[in-house]
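Taking it in order: structure first as structure tokens, then the write-up.
The values are calculated or read from the model by the stated rules, or taken from the named source; none is laboratory data. Just so it is clear, the model here is predicted, and its values are computed rather than measured. Positions of Cβ are backbone-derived with ideal geometry, glycine not excepted, and every protein chain shown enters the neighbour counts.
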């Protein structure tokens, strides 16, 4: 299938044209998203939604997801080779979990506003210590 680009990609994202640099076209002046910090996560959600209705876009997202999953899996495999992970660690499952963590963070940012990345780091660290009593 033909990959979307240019105007088609912007239309799929719910936009007729580009926003001004640093500005979220969906936010009014004074809104937190007006400075652009929430533009990319909001765009991600719009593209995900449109991909459920547009097969060509689904293909583009699937290809991109597969590339990211392969890269993250390679990183996990390197950690395994260095002895930082158990020999039986499922690197594909780890890659999928890492992607889900980032996508969930992006979704929260889009819906709730600017969330410091340190919140994600602290929460992940706490989750990794469940059952350790630390």
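Kindly evaluate residue 78 against the criterion of being modelled with pLDDT of 50 or more and more than 21 Å from residue 103 (Cα to Cα). Outline the logic, then answer.
Numbers: modelled with pLDDT of 50 or more: yes; more than 21 Å from residue 103 (Cα to Cα): yes.
Yes: the conditions hold for residue 78.
Looking only at residues of region 72-90 that are over 25 Å from residue 122 (Cβ atoms) and surrounded by 13 or more Cβ atoms within 10 Å (Cβ to Cβ), we find that the one that is nearest to the chain's Cα centre (by Cα) is 73.
For every residue, the table says whether it meets (1) modelled with pLDDT of 95 or more; (2) under 22 Å from residue 124 (Cα atoms); (3) touching a helix residue (DSSP H, G or I) at 6+ places or on another chain (Cβ under 8 Å); (4) surrounded by fewer than 14 Cβ atoms within 10 Å (Cβ to Cβ).
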position: 7; (1), (2), (3), (4): no, no, no, yes
position: 29; (1), (2), (3), (4): no, no, no, yes
position: 43; (1), (2), (3), (4): no, no, no, no
position: 104; (1), (2), (3), (4): no, yes, no, yes
